[in-house]
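Everything on this sheet refers to the single structure shown next.
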Amino acid sequence: MPYGEGNGGEPEVDLGDPLTTVSEFLLFTSKGAPYQVRARFGDLSGEATLAAPEDPALPVFRAGARAFPDQPGGGEAYYGVEAGPFQYERGLTKFPGGTGVRDTVSGQLGPVGLSYQEAQRRIRGEELPGSRTLSAHFRKGPFGARVGREWTEKNLDSGWRPPTRTTAEARLNKRNLALSAMLAKSRGGPGLVDFGGRIEKSMEDPFGLHGQLKFGAGIRPERWQPDGPAPGVAGDFWARYGLNF
């Protein structure tokens, strides 16, 4: 759209025109424009948002990137759009030896949400079987729960497909008490493939020293050893006390 007179005599700006000046760009991002650009940057990440604060019915566009500090040369770039209760996002990842693409469509209606994701990876030039995840989550007040199902495409060479995996998670964060639990099972398997539980309690100033005491316990499956007995259940307990200065 050329620079000229728009509705109400307001100037309009073509941001794709290389001759667009900085002043014109700032005019586009001013409060009088339907869309405003917002940007935020961190040490290893950055994101830009294009939104219309005066009209929430208009879609919101986002794009950003972040680096993976534990993976030299690794990082992720993403872009997406949010329209009402629905969102779409595409993520492009790079990691040592490969790349990945992830597409996610999600929606939220009140406390209930749905999400569908497709992911594809390529390692050392070889494309791996894609994976898909369908999940539903519920959140109300301090309680949240999620049920997800993940399956993978057949390997093109062997025709083998990993078993479908179903995961259920629940958590409760209420005042100074936090509870969480997770169960996972593969279709056709004899039992759970993963599980875990955690409880943590915090107490403010229990000793009159203006500190905080936290203690809790958790359970998880023991690591499998090639020459050892069948894995069982491992538990741990912790306590921490910190002073506020």
*asked:* For region 142-150, check the following and say yes or no: at least one residue is loosely packed, with under 14 Cβ neighbours inside 10 Å, more than 25 Å from residue 106 (Cβ to Cβ) and not basic (Lys, Arg).
replied: no
_Condition met for residue 103 (of a type in the set (Asp, Glu) and modelled with pLDDT of 95 or more)_ = yes
_Among the numbered criteria (1) out of contact with any Phe, Trp or Tyr (no Cβ under 6 Å at 6 or more places or on another chain); (2) closer than 29 Å to residue 125 by Cα; (3) at pLDDT 90 or above, which one does residue 87 miss?_
(2)
_Tally, over region 81-107, of residues that are touching a Leu at 6+ places or on another chain (Cβ under 8 Å) and closer than 22 Å to residue 145 by Cα_ = 3
_Based on this model, can you work out whether residue 58 counts as in contact (Cβ under 8 Å) with a residue 12 or more places away in the chain, surrounded by 14 or more Cβ atoms within 10 Å (Cβ to Cβ), more than 19 Å from the chain's Cα centre (by Cα) and part of a loop (DSSP other than H, G, I, E, B)?_
yes
*asked:* Please return the ranges of strands (runs of 3 or more DSSP E) entirely within region 104-206 where 2 or more residues are among the aliphatic types (A, V, I, L, M) and within 30 Å of residue 84 (Cβ to Cβ).
replied: 112-123, 131-140, 143-152, 165-174
*Looking at region 110-139, which of its residues are farther than 18 Å from residue 95 by Cβ and of a type in the set (Gly, Ala, Ser)?*
110, 113, 115, 135, 136
_Going residue by residue through region 41-53, is there one that turns out to be exposed (fewer than 14 other Cβ atoms within 10 Å of the Cβ), within 28 Å of residue 165 (Cα to Cα) and in contact with a strand residue (DSSP E or B) (Cβ under 9 Å, 6 or more places away or on another chain)?_
no
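Would you confirm, using the coordinates I've provided, whether residue 66 is modelled with pLDDT under 95, in a strand (DSSP E or B) and exposed (fewer than 14 other Cβ atoms within 10 Å of the Cβ)?
It is false that residue 66 is modelled with pLDDT under 95, in a strand (DSSP E or B) and exposed (fewer than 14 other Cβ atoms within 10 Å of the Cβ).
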*Got a number for residues in region 89-124 being of a type in the set (A, V, I, L, M), free of Cβ contacts under 8 Å to residues at least 24 places away in the same chain and exposed (fewer than 13 other Cβ atoms within 10 Å of the Cβ)?*
0
_Count of residues meeting criterion [outside any loop (DSSP other than H, G, I, E, B) and either farther than 28 Å from residue 51 by Cα or over 15 Å from the mean Cα position of the chain (by Cα) (or both)] in region 83-103_ = 7
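The values are calculated or read from the model by the stated rules, or taken from the named source; none is laboratory data. In this text, all values refer to a predicted model and were calculated from it rather than measured experimentally. Cβ sites come from the backbone with ideal geometry, for glycine too, and all protein chains shown count toward neighbours.
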